[in-house]
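A short worksheet on the structure shown next.
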Amino acid sequence: MLKFHLNGEPKEKNEGTTIVMLIEDLNLPPRSVIVEYNNEFLERELFGYTVLKEGDSVEIIRAIAGG
């Protein structure tokens, strides 16, 4: 298990977990979120290739449309 922070809270996940796997575990559609990964915005195309590492900081912001 690796330890990281998600939206400021300490979390643990299995090694090899990608950002897209994390988003899906939260029951969020990947197209509806913005991800800040270690203080930089992560392009959506990289969600499936970016593997969590020990000590990472991830902020997931859900985009909500209004009307």
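Taking interchain pairs and intrachain pairs at least six residues apart, which have beta carbon atoms under 9 angstrom, with the first residue in region 22-36 and closer than 16 Å to residue 50 by Cα and the second in a strand (DSSP E or B) and among the hydroxyl-bearing types (Ser, Thr, Tyr)?
36/57
Would you say residue 7 is surrounded by 11 or more Cβ atoms within 10 Å (Cβ to Cβ), in contact (Cβ under 8 Å) with a residue 40 or more places away in the chain and on the phi > 0 side of the Ramachandran plot?
yes
Quick one: in region 37-54, of everything that is of a type in the set (A, V, I, L, M, F, W, C) and in contact (Cβ under 8 Å) with a residue 24 or more places away in the chain, which residue is surrounded by the most Cβ atoms within 10 Å (Cβ to Cβ)?
Restricting to residues being of a type in the set (A, V, I, L, M, F, W, C) and in contact (Cβ under 8 Å) with a residue 24 or more places away in the chain, the top hit is 52.
The numbers here are math on the coordinates, done by the rules we state, and not lab data. Because the structure is predicted, anything quoted here is derived from the model rather than measured. For neighbour counting, all protein chains shown are included, and Cβ atoms are generated from backbone atoms with ideal geometry for every residue, glycine included.
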